Amino acid sequence: MTRCAGARITVLDENFIDILLPSTPGIRRYNMDQHFNSRYGELLAENGLCFLVETFTENGSTTILFDAGLTSEVVLHNARHLGVELNEVEAVVLSHGHPDHFGGINGVLKAIGHPTPVVAHPDAFNPRMIVKPHTTLPMINIGLTREGIRESGGHLMEARGSIPLGPGLRTSGEMETTADFEFEAPAGRLCVHADGRVEADDINDHQVLGIDVEGHGLIVIDPCGHRGVVSSIEHMRALTGTDKLYGVLGGFHTGHPGISANRIENTAKALAAYEPKLVAPMHCSGFPLKKAVADIIPEAFDLVTAGTVITVGDVPADTRVWR
C-alpha cells in the first residue's frame, strides 16, 4: 500500500466540547480563545461523530468525510466556524448504519454541492432495531435510505471489502473480532435481512479507516468499536502491511452498561503494548476506558473533542480561517 506523506484530521462532530483544553504540538483546538472572543462563534456538540480527513503527498491531496454526525445542523455549523469548505470533499465514507454516524448524511451531501461518492456496506441499509426490557426502538436506521442519498447528490459505492481512497488511505471493509476479550456486546440488537430473516444484529457493516503515514506509521479511526478497537487495529495492520501504530482515535464502544472491567483493563493494556503516540477514546468509549488509558499510557492519551485538528507528518500549513 502506497503511503501518504502526512495527514490532517479535523473533528467536525463529537459528544463533547472542552474549551479549557490547550493546543499542543500537532493538535490545534478551537478553545477558550475562540469561544470567549466575540469575533468567533461557539462550536456545537452532540452524540455523533464526523471527521474531515485530508491526506497529502508531494503530488497532491485527498479529502474525505468519515461519517456524517447525528445531525447535519451540527456538522455544518462547526464546519463553518472551523473554516472548512465542504465543497472540497471528494468522497464520504459511512462507517455503519447507526444514526449517530449517518444522521447528517443528506444535509451534508447537499452542502457539498456536487456529485459525491458515498462508500457504505450494503448491510447498513437493512432495517435494525433495539429491544430492551422496557421498550423497543424499531428501525433505528429509518433515516438512512439509498433514495435519500441519491436525491442529495450522493452516488453509492456499496462494498463489503476494503476500498482504497487515496495514497495511504483506505477503508477496512468487513472485519472479524479477534481479541478474545472484545466479544462483549450490548444485548437486544436485531436486524431484518433482505430475505426477511430476523436475527441478532452482528453489525457486519461496521468498518474503520486506516491512514498510513510515511515515517510515522498507521493511524486507525474506529468510529464505534463494534468489532473491538484492538481487533480493528490488527485488521488494518494486516491489510496495510504496516505494523507500527502511530495512533488510534474514535468511539471504542466500551462505555455501554454491562461492559466489564476485564474488557476495559485488557483494552487499555493491549493499546499500550503498541507503544502509540496517540490514543484518543471518544464518543461511546466511556469514562472508565479513558481513565484506564490515561493511567497506563499518559504520554499517548489525549482528549479529542469537537473542533480538534490533528496533524501527522508532512502537512501544508493550515490556511483555514476560524470564525
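Mind checking which of GLY307, VAL74, GLY41 is farthest towards the positive end of the chain's charge dipole, using Cβ charges of +1 (Lys, Arg) and -1 (Asp, Glu) about the Cα centre?
Going by the charge dipole, the pick is GLY41.
Which value, in debye to the nearest 20, describes the size of the charge dipole of the stretch 136-197 about its Cα centre when Lys and Arg Cβ atoms bear +1, Asp and Glu Cβ atoms bear -1, and nothing else is charged? Provide the component values of the computation, followed by the final result.
Numbers: 6 positive and 9 negative charges, 51 e Å.
I would put it at about 240 debye.
Straight-line reach from LYS269: which aspartates and glutamates have Cα under 12 Å away, leaving out those fewer than 8 places along the same chain?
ASP295
Tell me the carbon and sulfur percent of the accessible area for the chain, rounded to whole percent, probe radius 1.4 Å.
The C+S portion of the solvent-accessible surface of the chain is 53 percent.
How about the stretch 141-219: which trypsin sites (Lys or Arg not before Pro) there lie in a loop by DSSP and see at most 10 other Cβ atoms within 10 Å?
Numbers: sites: ARG146, ARG150, ARG160, ARG170, ARG189, ARG197; in loops: ARG160, ARG197.
Sites meeting the loop and neighbour criteria: ARG197.
How long are the three semi-axes of the equivalent ellipsoid for the stretch 180-222, computed from the Cα gyration tensor as the root of 5 times each eigenvalue, in whole Å, largest first? All intermediate terms of the calculation are to be shown ahead of the outcome.
Values: eigenvalues 210, 42, 8 Å².
Semi-axis lengths for the stretch 180-222 are 32, 14, 6 Å.
Can you give the accessible area of MET139 in Å² (nearest 10), computed on protein heavy atoms with a 1.4 Å probe?
Estimated to the nearest 10 Å², MET139 gives 80 Å².
In the stretch 1-63, what trypsin sites (Lys or Arg not before Pro) fall in a loop by DSSP, with at most 14 other Cβ atoms inside 10 Å?
Loop-located and lightly packed - ARG39.
Return the inverse of the average 1/r over all pairs of distinct C-alpha atoms in the stretch 53-182, which is the Kirkwood hydrodynamic radius, in Å to one decimal.
Hydrodynamic radius (Kirkwood, Cα only) of the stretch 53-182 equals 15.8 Å.
With a probe of 1.4 Å, find how much accessible area the chain has per residue, and write the answer as a whole number in Å².
On the way: 13290 Å² over 323 residues.
The answer is 41 Å² per residue.
So which chymotrypsin sites (Phe, Trp or Tyr not before Pro) in the stretch 1-51 pass both tests, a DSSP loop state and at most 16 other Cβ atoms within 10 Å of the Cβ?
Listed in order of number, the matching sites are PHE16, PHE36, TYR40.
Grab the Cα-Cα distance for ASN262 and HIS35, subtract it from 0.36 nm times how many residues apart they are, and report the gain in nm with one decimal.
The span from ASN262 to HIS35 would gain 77.8 nm if fully extended.
If the elastic network links every pair of Cα atoms under 10 Å, which of GLY41, GLY225, GLY258 fluctuates the most in the Gaussian network model of the chain?
GLY258
Please compute, for the alpha-carbon atoms of the chain, the extent along each of the three principal axes and give them in descending order in Å.
Per principal axis, max minus min of the Cα coordinates gives 52, 46, 41 Å.
Please list, ordered by chain and number, the residues whose modelled amide H lies under 5 Å from the amide H of GLY286; skip anything fewer than 5 residues away on the same chain.
GLY255
Would you mind checking the stretch 221-256 for residues with the amide N under 17 Å from a putative spin-label position 7 Å along Cα→C-beta of ALA187?
Answer for the stretch 221-256: 256.
Let's see if you can work this out: charge +1 on each Lys and Arg Cβ, -1 on each Asp and Glu Cβ, no other charges. What is the dipole magnitude of the stretch 47-191 about its Cα centre, in debye to the nearest 20?
460 debye
Run the simple label-point estimate for GLU42 and ILE163 please: 7 Å along Cα→C-beta, distance reported in nm.
The two pseudo-label positions are separated by 3.7 nm.
Out of every Cα pair in the stretch 149-230, what percent are spaced more than 19 Å from each other?
So the pairs more than 19 Å apart make up 54 percent of the total in the stretch 149-230.
Kirkwood Rh, the stretch 1-114, all Cα pairs: how many Å?
14.8 Å
Using only helices, what value at 222 nm comes out for the chain when you add -39,500 (n - 2.57) per DSSP H run of length 4 or more and divide by the total residues, to the nearest 500 deg cm²/dmol?
On the way: 8 runs with 67 residues, N = 323.
Calculated from helices alone, the mean residue ellipticity at 222 nm is -5500 deg cm²/dmol.
Evaluate the relative contact order of the chain (contact order divided by residue number), counting alpha-carbon pairs under 8 angstrom at least 6 apart; express in whole percent.
Numbers: 767 pairs, mean separation 68.7, N = 323.
With pairs under 8 Å counted, the relative contact order is 21 percent.
Using the Cα gyration tensor of the stretch 183-323, with a ≥ b ≥ c the square roots of its eigenvalues, what is the shape: rounded (a/c below 1.5), prolate (a/b larger than b/c) or oblate (neither)?
The shape class here is prolate.
Charges at C-beta only: +1 for Lys and Arg, -1 for Asp and Glu. How large is the resulting dipole of the chain about its Cα centre, in Debye rounded to 20? The partial results should precede the final answer.
Numbers: 25 positive and 40 negative charges, 81 e Å.
Roughly 400 debye for the chain.
Quick one: Debye curve from the C-alpha atoms of the stretch 38-93, no solvent, what's log10 I(q)/I(0) at q = 0.13, 0.24 Å⁻¹?
-0.37, -0.98
The values are calculated or read from the model by the stated rules, or taken from the named source; none is laboratory data. Small disclaimer: the values here were computed from a predicted structure and weren't measured. Note that we place each Cβ from the backbone using ideal geometry, even for glycine, and neighbour counts take in every protein chain shown. SASA here: full protein model, heavy atoms, side chains in, ligands and nucleic acids out. Shrake-Rupley method; radii C 1.70, N 1.55, O 1.52, S 1.80 Å.
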